[in-house]
Amino acid sequence: MNAQPMRARAEIDLAAYRSNIRALRARAPRSELMAVVKADAYGHGMLPCARAAREAGATWLGTATPEEALALRAAGDTGRVLCWLWTPGGPWREAVEADLDVSVSGLWALREAVAAARACGRTARVQLKIDTGLGRSGCQPHDWPELTTAARAAEAEGVIAVTGVWSHFACADEPGHPSIAAQQSVYREALAGAERAGLRPEVRHIANSAALLTLPESHYDLVRAGIATYGVSPSPEVGHPADFGLRGVMTLAARLAGVKRVPGGHGVSYGHRYTTPAETTLALVPVGYADGIPRHASGSGPVLVGGKWRTVAGRVAMDQFVVDLNGDHAEAGEEVVLFGPGDGGEPTAEDWAHAAGTIGYEIVTRIGARVPRVHRADGPA
Ligand SMILES: *Cc1c(COP(=O)(O)O)cnc(C)c1O
């Protein structure tokens, strides 16, 4: 693909991504699937993933910001797209003109959507969000009658169409958490309230990946799947991706920048947090925290080198880290794998999350712009 071998690359297996989307659709057979492609598709590259998601039957795409959704339109996507992270003065008019579905959590946002629709003489597609307990965005149940009534009035004028009523879970990745049932109950009441206000939304949705995988009664008309489409588990409690027929989409590989023998007692990397216990071989891996390798994985992050798992020795630096090969031989230029789907014996994003004390979401999403994404579209479509 590239004439010159790369220092590092994130290989994106679009065949696995499509296959994951099909597997997830099969788990929610009566619902449509929204592929969530915010944050550059969790670091996997938004536009190639969006195209692949459509090919695999995602009738909806979801983004956080309106700018992300507008970028999908600019790239030619014409399907349904919901974006939910709005601030006052946002690109409401552009969103209405681009036929995006926009999320509204309060009266100020409804007013901006209505004003934008009037200004361009079109009907804004609005999805009302209820805070069922996450405590983030969403309308408080106390304010729901006022919001739904105002939305219905604007709908009756033809200025907006209320296309959805939706919410988001706080603890779906901890199956059995009491907040899950509590949120579902608030959600059912919000749906009933919207109906009393005269609204007939096209889609009701509350399920993220974890709820899609573990809570069928939460599927409603639409499921919003992010992390699971990338073949990464929402949490250890939910299970391993393979348990659900999902496969890791991103493989992060690098080529060794050097290998050398050093004596015992040699300090390694900033702060000398590692000292070689005996004469050994050190290999230099040319990616660091500027590339998204968590510094919290210093002394713990796993790497497959020559068929064996090795551990980051000492601190992860901005551009590089070291692994101790325990005296084994390796060559500069040799490929090492930080994480991938795991079936070649390599660590997974979940392994890095465990090593860094974080979640798989953060591992894949934070891979830096300096790491080229190489999209492989081959394999069974
Ligand atoms: C990111 C996000 C999702 C996707 O969540 P996953 O856990 O990655 O499936 C769904 N809904 C909203 C509102 C989100 O912000």
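Note on R196 and D378: the extension gain reaches 60.5 nm, defined as 0.36 nm multiplied by sequence separation minus the Cα-Cα distance.
Give the shape of the stretch 123-206 as rounded, prolate or oblate, defined through the alpha-carbon gyration tensor: a ≥ b ≥ c are the square roots of its eigenvalues, a/c under 1.5 means rounded, and otherwise the shape is prolate if a/b is larger than b/c and oblate if not.
Here the stretch 123-206 falls in the prolate category.
Accessible surface area normalised per residue over the chain is 42 Å², counting heavy atoms of protein chains with a 1.4 Å rolling probe. Kirkwood hydrodynamic radius for the stretch 1-99: how many Å is it when counted over pairs of different Cα atoms? Here the Kirkwood hydrodynamic radius works out to 14.6 Å. First compute the accessible area of the chain with a 1.4 Å probe, then give the percent of it belonging to carbon and sulfur atoms. On the chain, the fraction of accessible area on carbon and sulfur atoms equals 52 percent. Percent antiparallel among DSSP beta bridges with both residues in the chain, to the nearest 5? Among the beta bridges of the chain, antiparallel pairing accounts for roughly 45 percent.
Of the chymotrypsin sites (Phe, Trp or Tyr not before Pro) found in the stretch 301-381, none is in coil by DSSP with at most 16 other Cβ atoms within 10 Å of its Cβ.
As a check on your grasp of the helix formula, calculate [θ] at 222 nm for the chain: sum -39500 (n - 2.57) over DSSP H runs of n ≥ 4, divide by the residue count, round to the nearest 500. It lands at -8500 deg cm²/dmol.
With no solvent and one point per C-alpha, what does the Debye sum give as log10 I(q)/I(0) for the stretch 275-324 at q = 0.14 Å⁻¹? So the normalised log intensities work out to -0.31. Against the empirical curve 2.2 N^0.38 Å, the C-alpha radius of gyration of the stretch 213-271 lands at a ratio of 1.98. Modelled spin-label separation between Q4 and R111, with each label point placed 7 Å from Cα along the Cα-to-Cβ direction: 5.5 nm. Take the Cβ atoms of N326 and Y270, set R0 to 35 Å, and the FRET efficiency comes out at 0.95. Considering only alpha-carbon pairs that sit under 8 angstrom and 6 or more positions apart, the relative contact order computed for the chain is 18 percent.
Note: the stretch 152-278, Cα convex hull, 224 Å³ per residue.
State whether the stretch 31-231 is rounded, prolate or oblate according to the following rule on the C-alpha gyration tensor (a ≥ b ≥ c being the square roots of its eigenvalues): a/c under 1.5 gives rounded; otherwise a/b larger than b/c gives prolate, and the remaining case gives oblate. Verdict is oblate for the stretch 31-231. Over the chain, the alpha carbon radius of gyration divided by the compact-protein estimate 2.2 N^0.38 Å works out to 1.12. Under the combined filter of DSSP loop state and at most 16 neighbouring Cβ atoms within 10 Å, the stretch 331-381 retains these GluC sites (Glu not before Pro): E331, E334.
Quick one: which of 270-282, 16-28 comes out on top by average Cβ neighbours within 10 Å, and what's the full order, highest first?
Result, highest mean Cβ count within 10 Å first: 16-28, 270-282.
By the Kirkwood approach, averaging reciprocal distances over each pair of separate Cα atoms, the stretch 250-376 gets a hydrodynamic radius of 14.4 Å.
For the stretch 302-381, trypsin sites (Lys or Arg not before Pro) meeting the loop criterion (DSSP other than H, G, I, E, B) and having at most 14 other Cβ atoms within 10 Å: R370. Computed extension length for T311-L284: 8.5 nm, one decimal, from 0.36 nm per residue of separation with the Cα-Cα distance subtracted.
The values are calculated or read from the model by the stated rules, or taken from the named source; none is laboratory data. The structure displayed is predicted, hence computed values, not measured ones. With ideal geometry, Cβ positions are generated from the backbone for all residues, glycine too; neighbour counts draw on all protein chains shown. The protein model used for the area step is the full one, side chains on, heavy atoms only, and it has no ligands, DNA or RNA in it. Shrake-Rupley method; radii C 1.70, N 1.55, O 1.52, S 1.80 Å.
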